[in-house]
Amino acid sequence: MRTIADLVGEVQQKLERPGTVGIGTPGTVSRRTGLMKNAYATALNDRPFKADIEAMLGRPIKLANDGNCFALSEAIDGAGKDADVVFGVIVGTGCGGGLVVHRHVLEGVNSIAGEWGHNPLPAPDDSERAGFSHYDGGEGTIEAFLCGAGLVHDYKRVFGETLTAPEIAAADTPQKEQTMVRYEQRMAKALASVINLVDPQVIVLGGGLSNIERLYDNVPKYWGDWVFSDHVETQLKPNVHGDSSGVRGAAWLWVDS
């Protein structure tokens, strides 16, 4: 927290005026206790992170889940600009998400709106029923299959060899291609459940796996099998603002309020 306070002080010196402070973080603040919950950075959980920073800075701040910040950034002036409903997905170490409606983050009564990765993978086939566990401790969650470790695990499970996610994504062998097709189909049915629930105009991908270009052509080819519609207008797009999108979204929290 001292690092954050020092950084805010440095920025204010350069600006020669006080500014607003927005923070994107894994997890979120519990509305019941005011303490952090659901953070991958587990040292934050069950601690009054937001209140502590506000006390240190002597001012209110805005704090939101990093998936929400990413989605807000891309909805305002990124890949989802001008769309009424934008679902932002972060696929990398985990599988987070955020939902923005009319340029405002939808947090939900439990502050968990958009957390699609912690649902079971929809319509699992026989090879997917066992799944494997990830952060949330659940077997067969969307996150367990779609995070980077899930892609690596799936290749090793089938072919007995450990490769990195970028190596698999190169798809320069039949084995890698088969693994990528399985990954794309799993993403398609997982996102189809999101489309069936909130019917977004745009779904934006972020995180390390969002750099796999083939996803944007292939996943929409599959998801119609699970979307409850005669056609699917939803667009799957890469993010515009890259690794900076979550930070930009944290700044936009003050405009969103």
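The values are calculated or read from the model by the stated rules, or taken from the named source; none is laboratory data. Everything numeric here is computed off the predicted structure, so don't read it as measured data. Note that each Cβ is placed from the backbone with ideal geometry, even for glycine, and that neighbours are counted across all protein chains shown. Keep in mind that these areas ignore ligands, DNA and RNA; they rest on the heavy atoms of the full protein, side chains included. Shrake-Rupley method; radii C 1.70, N 1.55, O 1.52, S 1.80 Å.
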(request) Could you grab the pairs with beta carbons closer than 8 Å, sequence gap of 6+ or different chains, first residue in segment 241-254 and on the phi < 0 side of the Ramachandran plot, second one at pLDDT 95 or above and aromatic (Phe, Trp, Tyr)? (result) 245/70; 246/70; 249/70
(message) I'm told residue 106 meets every condition in (1) of a type in the set (A, V, I, L, M, F, W, C); (2) open to solvent by 30 Å² or more (accessible area, probe 1.4 Å); (3) within 21 Å of residue 214 (Cα to Cα); (4) in contact with a Leu (Cβ under 7 Å, 6 or more places away or on another chain) except one. Can you identify the failing condition by its number?
(response) (3)
(request) Find all pairs meeting these conditions: Cβ atoms under 7 angstrom apart; at least six residues apart or on different chains; first residue within segment 50-63 and in contact (Cβ under 8 Å) with a residue 60 or more places away in the chain; second residue small (Gly, Ala, Ser) and outside any helix (DSSP H, G or I). (result) 62/22; 62/257
(request) Sort out which residues of segment 1-53 are part of a loop (DSSP other than H, G, I, E, B) and among the β-branched types (Val, Ile, Thr), and write them in order of number. (result) 20, 21, 33
(request) Identify all residues within segment 84-96 that are open to solvent by less than 30 Å² (accessible area, probe 1.4 Å) and more than 16 Å from residue 235 (Cα to Cα); write none if there are none. (result) 91, 92, 94, 95, 96
(request) Pick out the one residue from 81, 62 that is surrounded by fewer than 19 Cβ atoms within 10 Å (Cβ to Cβ) and either at pLDDT 95 or above or in contact with a helix residue (DSSP H, G or I) (Cβ under 6 Å, 6 or more places away or on another chain) (or both). (result) 81
